[in-house]
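The structure appears below as C-alpha cells.
The values are calculated or read from the model by the stated rules, or taken from the named source; none is laboratory data. All values derive from a computational prediction rather than experimental measurement. Here the Cβ positions follow ideal geometry from the backbone for every residue, glycine too, while neighbour counts run over all protein chains shown.
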Amino acid sequence: MERKIMPFYLTYPDIMDKAEAIFRPAKIGRIDNRQYEKDVEYFRQMYPQGAKQIQKEIEKALAILDYDGSVIYDEYPERLRIDKMAKDILETIRSKVWDGECVTEQEAMQLQKLIGCEQIQDYVLLVLLQEILLRRQLKNRVN
C-alpha cells in the first residue's frame, strides 16, 4: 500500500481561500475623490474665520501653480521655494489688512490678531504644505 504525502496547504481545502483573503491588498478605507473632497471641504468650514482667510489666499496662490510639471508636483519640492511661497502669501495677507481690503471689520481684526502672532509664518507654511499635499493626492488619484 502506497501512502501519498500531501502538502500542508492541501490538507484543508479552504485554507487557500483564507490565506488569499489575508494577503490580498484590502480595498477597505479607499474612498473616491468626490467623497474625499467633500470631507475636506466640510472640515474646512470649521476653521476659525482668520484661518479661512489664510486658506483662501493659499488656494489662490496654488491655483496659479496647479499645472503639470509645476513646482508643487515635483517629486521632492525645494524647501527654499516653499518657504518663499509661504512668505509671499503672508505678505499678501498683511497688505490686505493694511490696505483695508477685508470684507468685514471683524475679519480684519481676526487677521490682525493672527498677523501679530509670532508663529504666523509657521502656520502659513503648515497650511501651505497641507494644501500642496492634498492637491498631490487628488492628482495621483486621478492619474
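For I31, indicate whether it is in a loop (DSSP other than H, G, I, E, B), of a type in the set (A, V, I, L, M) and either loosely packed, with under 10 Cβ neighbours inside 10 Å or modelled with pLDDT under 85 (or both). It is true that I31 is in a loop (DSSP other than H, G, I, E, B), of a type in the set (A, V, I, L, M) and either loosely packed, with under 10 Cβ neighbours inside 10 Å or modelled with pLDDT under 85 (or both). Only residues that are in a loop (DSSP other than H, G, I, E, B) and either in contact with a Gly (Cβ under 7 Å, 6 or more places away or on another chain) or of a type outside the set (A, V, I, L, M, F, W, C) (or both) were counted in segment 56-79, giving 10. Quick check: anything in segment 4-15 at negative phi and modelled with pLDDT of 85 or more? Among the residues of segment 4-15, not one is at negative phi and modelled with pLDDT of 85 or more, which makes the answer no. For the residues I93, I89, the requirement of being surrounded by 15 or more Cβ atoms within 10 Å (Cβ to Cβ), at pLDDT 90 or above and in a helix (DSSP H, G or I) singles out I89. Taking every residue in segment 41-60 that is of a type in the set (S, T, Y) and pairing it with any residue that is assigned to a helix (DSSP H, G or I), at least 6 positions away or on another chain, the pairs with Cβ-Cβ distances below 8 Å are Y47/Q55. Applying the criterion of being of a type in the set (D, E) and surrounded by 12 or more Cβ atoms within 10 Å (Cβ to Cβ) to the residues of segment 102-143, the residue that is nearest to K38 (Cα to Cα) is E131.
Considered as a group, the residues in segment 40-64 that are of a type outside the set (D, E, K, R), exposed (fewer than 14 other Cβ atoms within 10 Å of the Cβ) and modelled with pLDDT of 90 or more include one that is nearest to E131 (Cα to Cα), and that residue is A63.
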